[in-house]
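Everything on this sheet refers to the single structure shown next.
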Amino acid sequence: GAVVSQHPSWVICKSGTSVKIECRSLDFQATTMFWYRQFPKQSLMLMATSNEGSKATYEQGVEKDKFLINHASLTLSTLTVTSAHPEDSSFYICSAGRGGNTEAFFGQGTRLTVV
Amino acid sequence: GNSVTQMEGPVTLSEEAFLTINCTYTATGYPSLFWYVQYPGEGLQLLLKATKADDKGSNKGFEATYRKETTSFHLEKGSVQVSDSAVYFCALMNTGFQKLVFGTGTRLSGQS
């Protein structure tokens, strides 16, 4: 159990367009999900905490209007990169926790390339 | 605040060599500690974890001991394999929360 699925696994988009990434908990309910970003050869940086039924909590320096997060159900959170630019090219990965479990389960990640 | 400091790589080892990747942390309270592994082109997989002081996490020949006195969680393996080539991340999670603070990652290359 505790499977998190992320889609798509990779996407190429044109500069100025928007891209939506989905994160689903397949076999458990997740009231909270997390979105991370990983630059090449660097660590993962937390972007925001996605809360089911309420607004996401963004980390300092992350643009809320650029990275829109929607957590509409207990099994789905979406990250939309709006008006994408080449500097948004990165590896985005989500995670979800299950109840009181201290372990975070990660999706496969999405590699975004903006051309 | 919470932070994780991890030894810089890359680390290149011959097959069957002994591996150590150092990790130290700064945290308030009593965090849980984790090692995650990222194989080329893939997401993160939990390798092992420890939730309290003196706990030893182990998996696939890797092990790490939660040392509160030295605030460390060093990853070790007695005999590294080429298939262990990946990036290893040390991370902490504070009690009651599920978001992780990661170290910078250490790239391991095992050579035959």
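Each reported figure results from applying straightforward, stated rules to the coordinates on display, with no laboratory input. Note that the structure is predicted; figures quoted are calculated from it, not measured. Because the Cβ atoms are built from the backbone with ideal geometry, glycine has one as well, and the counts that use them run over all protein chains shown.
Output the residues belonging to region B:1-32 that are among the hydroxyl-bearing types (Ser, Thr, Tyr) and more than 22 Å from A:Gln42 (Cβ to Cβ).
Those that are among the hydroxyl-bearing types (Ser, Thr, Tyr) and more than 22 Å from A:Gln42 (Cβ to Cβ): B:Ser14, B:Thr20, B:Thr28, B:Tyr30, B:Ser32.
Do you know which residues across region A:60-115 are farther than 17 Å from A:Cys13 by Cα and touching a Phe, Trp or Tyr at 6+ places or on another chain (Cβ under 6 Å)?
Answer for region A:60-115, where residues must be farther than 17 Å from A:Cys13 by Cα and touching a Phe, Trp or Tyr at 6+ places or on another chain (Cβ under 6 Å): A:Lys64, A:Ile93, A:Cys94, A:Ser95, A:Ala96, A:Arg98.
Suppose we keep only residues that are in a strand (DSSP E or B) and of a type in the set (Lys, Arg) within region A:1-48. Which one would you say is farthest from A:Pro86 (Cα to Cα)?
A:Arg24
Does at least one position in region A:30-38 carry a residue that is away from every other protein chain (no Cβ under 14 Å) and touching a residue at least 12 places away in the same chain (Cβ under 8 Å)?
There is no residue in region A:30-38 that is away from every other protein chain (no Cβ under 14 Å) and touching a residue at least 12 places away in the same chain (Cβ under 8 Å).
Return the residues of region A:75-102 that are under 13 Å from A:Phe28 (Cα atoms) and surrounded by 15 or more Cβ atoms within 10 Å (Cβ to Cβ); say none if nothing qualifies.
Of everything in region A:75-102, those that are under 13 Å from A:Phe28 (Cα atoms) and surrounded by 15 or more Cβ atoms within 10 Å (Cβ to Cβ) turn out to be A:Thr75, A:Leu76, A:Ser95, A:Ala96, A:Gly97, A:Arg98.
Being loosely packed, with under 13 Cβ neighbours inside 10 Å and closer than 26 Å to A:Ala2 by Cβ is the filter here; which residues of region B:23-44 pass it?
B:Gly29, B:Tyr30, B:Pro40, B:Gly41
Output the number of residues of region A:82-115 satisfying the condition of being of a type in the set (A, V, I, L, M) and under 20 Å from B:Lys99 (Cβ atoms).
3
Taking A:Gly109 as meeting all but one of (1) out of contact with any Cys (no Cβ under 6 Å at 6 or more places or on another chain); (2) within 14 Å of A:Phe28 (Cβ to Cβ); (3) within 9 Å of chain B (Cβ to nearest Cβ), write down the number of the exception.
(2)
Filter region B:1-22 down to the residues that are more than 12 Å from every other protein chain (Cβ to nearest Cβ) and either of a type in the set (Lys, Arg) or in a strand (DSSP E or B) (or both), then identify the one that is surrounded by the most Cβ atoms within 10 Å (Cβ to Cβ).
If we take residues in region B:1-22 being more than 12 Å from every other protein chain (Cβ to nearest Cβ) and either of a type in the set (Lys, Arg) or in a strand (DSSP E or B) (or both), then B:Ile21 is surrounded by the most Cβ atoms within 10 Å (Cβ to Cβ).
Can you tell me which residue within region B:24-57, out of those that are more than 22 Å from A:Arg37 (Cβ to Cβ) and without any contact (Cβ under 8 Å) to a residue 12 or more places away in the chain, is nearest to the other protein chains (Cβ to nearest Cβ)?
In this case the residue turns out to be B:Asp55.
Could you list all residues from region A:44-59 that are under 13 Å from A:Leu79 (Cβ atoms) and within 11 Å of chain B (Cβ to nearest Cβ)?
A:Leu46, A:Met47, A:Ala48, A:Thr49, A:Ser50
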